[in-house]
Every structure is written in structure tokens, then in C-alpha cells.
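Contents: one structure, followed by commentary.
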Amino acid sequence: MDNVIVTPHVGFLSKQSLLDARRVALEQIVTRLVKGTRPDMARNKEMLAVR
């Protein structure tokens, strides 16, 4: 396509988005370790069954 320009960008990157990402990661750790439940946003869910 001659009329399309594709450039890399980080549209989500802001101070608030970084804080939100840290908060979500911490919530997932707490959920898994303290409450004993599985994280909602696991990237490799097949590893959850491995002990």
C-alpha cells in the first residue's frame, strides 16, 4: 500500500499507565501467593499447572 506509513510508538506510555501496570502486577502477585488463586492475566497459563 503506497499511502500507508507504519511507525513504532508507545501510545500507552504515561506516568499513570506505568503506575497502573505496577499496581496490576502487584495485585496479581497478591492474588496468587496470598489468596491461593490463579492470576487473571497469566501469559503462559500452561505453566500454572506445573508444580
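Quick rundown of the values:
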| quantity | calculated |
| --- | --- |
| Column: log10 I(q)/I(0), Debye, Cα scatterers of the chain, q = 0.21 Å⁻¹ | -0.84 |
| In Å², nearest 10: area of T7 left accessible to a 1.4 Å probe | 90 Å² |
| The chain - percent of accessible surface contributed by carbon and sulfur, probe 1.4 Å | 60 percent |
| L33 versus K15: modelled label distance in nm, points set 7 Å from Cα along the beta carbon direction | 2.8 nm |
| Solvent-accessible area per residue, Å², over the chain with all protein chains present [probe radius 1.4 Å] | 101 Å² |
| Integer Hz, Karplus 6.51/-1.76/1.60 couplings in order for the stretch 16-23, x for Gly and Pro | 5, 5, 5, 5, 4, 4, 5, 4 |
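The values are calculated or read from the model by the stated rules, or taken from the named source; none is laboratory data. Just so you know, these numbers come straight off a predicted model, no measurement behind them. Cβ: placed from backbone, ideal geometry, glycine included. Neighbour counts: every protein chain shown. In case anyone asks, the SASA skips ligands and DNA or RNA and just uses the protein heavy atoms, side chains included. Shrake-Rupley method; radii C 1.70, N 1.55, O 1.52, S 1.80 Å.
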